[in-house]
1. Can you pull the percent of the chain's accessible area that's carbon plus sulfur, 1.4 Å probe, other chains left in place?
2. By DSSP, what percent of the beta bridges with both residues in the chain are antiparallel, rounded to the nearest 5?
3. Placing +1 on the Cβ of each Lys and Arg and -1 on the Cβ of each Asp and Glu in the chain, which of F542, M665, T70 has its Cα farthest towards the positive end of the resulting dipole?
4. Using the charge dipole of the range 75-140 (Lys, Arg: +1 at Cβ; Asp, Glu: -1 at Cβ; taken about the Cα centre), state which of P94, P140, W124 has its Cα farthest towards the positive end.
5. May I ask you to list the trypsin sites (Lys or Arg not before Pro) in the range 143-182 that are in a DSSP loop and have at most 15 other Cβ atoms within 10 Å of their Cβ?
6. Take the residue pairs K89/K279; K85/K157; K320/K374; K89/K187; K240/K338 and return only those whose Cα atoms are more than 23 Å apart.
7. How many angstrom lie between the C-alpha centres of the range 49-90 and the range 475-553?
8. Which Rg and Dmax, in Å, describe the Cα atoms of the chain?
Amino acid sequence: MLDASVSQTSESDVQQVDVVVVGAGFAGLYLIHRLRKAGFTAMGLESASDVGGTWYWNRYPGARCDIQTTDYSYTFDPELESAWKWSEKYATQPEILRYLGFVADRYDLRRDIRFGTQVEAATWDEAAQRWLLTTGNGTPVSCRYYIMASGCLSSPKPPEIAGVDDFKGEIYFTGRWPHEGVELAGKRVAIIGTGSSGIQATPMIADQAAHLTVFQRTPNFAYPAHNGPSPADRVAMLEKDRNDYREQARWSLVGVPLPRATDFSWQLTEAERRERFEKALAAGDLVVMLTQLWADQGVDAEGNALAADLIRERIRSIVKDPGTAEALTPRDHPFGSKRPCLETNYFATYNRANVTLVNLRQEPIERITGSGIKTDRRTIDVDVIVFATGFDAMTGAIMAVHPIAGRGGKSLSDVWANGPRTYLGLTVAGFPNLFMITGPGSPSVLSNMSVSIEQHADWVVDRLIEMRQAGFTTIEATETAQAGWTRHMADCSALTLHRLANTWYTGANVPGKAQGVMPYTGGVGPYRTICNDVVSRGMLGFKLNAPNGAEQCNDGEIVRLQPDVRLVLNMLADMNLPPLESLGAQGARAFVGEFNASRPAGRPVGEVVGGSLSGADGPLPYRLYRPATPGPHPMVVYFHGGGWVLGDEQSDDPFCRDMCRRTGMIFLSVGYRHAPEHRFPAAAEDGYAALRWIAEHAAELGGRPGPLLVAGWSAGGNIAAVTCQLARDRGGPEIAGQLLVCPVTDCTFDRPSYSDNATGYFLTRSLMYWFWDLYCSPADRTDPRVSPLRGKLEGLPPAFVATCEFDPLRDEGNAYAEALTAAGVPVEHLQARGHFHSSLTMVDVVITGANGRIQMAKALRRFAGLETGQDDGGVIQSRKVLSAEVSAAAE
Ligand code: NA7
């Protein structure tokens, strides 16, 4: 242990080191080890009297980790892995503390840690380009780099209940449990709070106390831990190939090597869903239940509700008193949006005669009195009150514990007054050489912490080594990079359901705290690739300075795509597909067919029927999607995408289903003729002929009398736009509105979107050249039947035009929307930020595209003179929830 009284170097009684690390928990210990190995002088400052971090403080009865020990371990040293054997599947607090002590001993870490030392202030010294720390114990410390490894759940929340000081009995906090233990036998005990700590402590306290009263504000989702030895299958997986197991964990969603479920809830029968649930229940594993049921459980309220119902059913089956069971049943937040808990006899504890539940939703606490707790209905006298009320999570230890003043004396508390802003969750603009481990903006608490901690620590120390080699001594995030990360965080959190709960993830548990999803919800693996990309792209978003005046700043945003678009494009890139245009028309069609077969099947609609209609030169196939609601329905004539060459009336099946459900309208997808067999103007003329035929047969197809609607995506958007012009010019039929999704509207390739997005976004410039060449000879290209932007635009039906930022067709779509507006056509224009050409049609793959379809469906309903308040035809409740909040995703 470092002696606080000994000044190592300085005449001015300031200790000089390269790096200070605050905290001696999982993160701090590993950092000190790595920094020392890398040749830096490192000092740990820790307020506790020994190592352990959260496991030093949280000694309440029943405290355990709820990530399996196979996964909750350091992985940086294979010898350490074989030197330590965990005794159980979930380690108890004392065992984890022993483990961390064992690690500290093994690498002799305590000698660089000053224990019993609170940092009182941290100030960036502009002249020295160093941090100056004053501490509550010993000399101040000057360091080049300051690393907060202070934990996410280390600053307990104050009780916030009046009268605490009046209480004559004993008061304990789960997060500050006395080391010598607490004697509860024969006492009347109250516990306030039913988060993980309350749920773990309750059965243990009930075993000891004369009577236990649990004060619950919000019931939590909890399922059994099944403590005991580590499951043989998990151990076998680890032992089979330890490196591979660890590597999989590093690239996984939450830091545990379990592939996510890929089937959607609606693809499974009720019996299959129940079987999966029972299996997950038997596994006794937080992560299994959160990721292995079905693909939509974490992103869609409907899929989530199916899982939540099964967990609720289990609570009812255990708790005998129906009133208590109902009070314990969580109903105000989606499953997984708030931290779920693993439990051991928790629900069964409420069947004991010495346990009572007080539902604070029905009788809130008014105050604590000398003898107990007074609700608005009664006073419950107790001898002991246990506060299991949680933490000022994620930012508490960084902001509230000591003032941090960065460049220009700016205080971090002020900078974060409206919520934390970081770059990668690791750094903050204006605070050079300050790093956070598992800070807000990193996956941290949504992951297996040990995996995230090692990744963060490695990333930081590797950067310090590289800077030393290059002669740089300061590093600071740029404002642009930080703003980009903040937006990416918001995009990610729109994808999951976390934002829908009042939880410490969002700061909602602390009165007055700024609200917002604080951890990065994009996943551990994607986060790791992003951190690596920052480095491979020349420290993108960081400014580096050297004492000799050298500066490097490669400014920019690391992720501009929507998070799911990024994943899809990365996946496609990993597949190393040959360019479609190199396959020939037949080859490309076969490829698209195969590709489509592997996508999620669309959701059920009322009916899907095929048929034949009359095209411009003979019969054409069609596919009709009918809503489940009673007809007749308004009809949308739909043209699929595929560059006039690929696809057919079935190829946009998920999109047609989704739009049929959202609009409550019939979608009739037309199998128009394709190039090169049938070149221009075959597709355009088929489009118009199909429209006429459908108008004539609308009644027998179940269509509502009156004008039709027309829609299309990509080349289909082109045909839809052209069809509207032809219908206007050729005397009908009447069209109530047009939906053009990423349409081709013009034959020139010189707009910026063609060069900005020439490659890398699936629809490439060279593919577009190929499509044009196969469909239309250069002489015909200015014909409005293929370049509708060049046609007359007055008198066209109202339009909804959607364009995507990373699409070669973006600018011609924008130009069409603008030209329509200039021609007096009512236009609604969606410019989808961060999206690519296929985003809006890749239903259930690009989840962030859903908001665009909500807007499209509203527009179609408005065109048809229907109510638009009903976002999605009353189909998918989650989409309604998302609609209000995801607007940023497709603004
Ligand atoms: P949590 O999960 O924040 O739980 C705290 C509990 O205390 C929760 O049930 C709160 O209800 C309740 N609480 C907080 N303040 C009050 C007041 N003023 N009155 C009544 N009830 C209150 O903390 P834990 O320590 O259990 O777990 C933290 C994490 O540690 C856990 O998620 C794991 O990651 C490990 P609320 O839900 O806010 O209505």
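The values are calculated or read from the model by the stated rules, or taken from the named source; none is laboratory data. Just so we're clear, the structure is a prediction, and the values are computed from it rather than from any experiment. Ideal geometry is used to build each Cβ from the backbone, glycine not excepted, and the neighbour counts take in all protein chains shown. Each accessible area value is taken on the protein alone, full model and side chains, heavy atoms only, with ligands, DNA and RNA left out. Shrake-Rupley method; radii C 1.70, N 1.55, O 1.52, S 1.80 Å.
1. 51
2. Counting only bridges with both partners in the chain, antiparallel ones make up about 35 percent.
3. M665
4. Of the options given, the answer is P94.
5. Answer in residue order: K168.
6. K85/K157; K320/K374; K89/K187; K240/K338
7. 28
8. For the chain, the Cα-based Rg and Dmax read 30.9, 96 Å.
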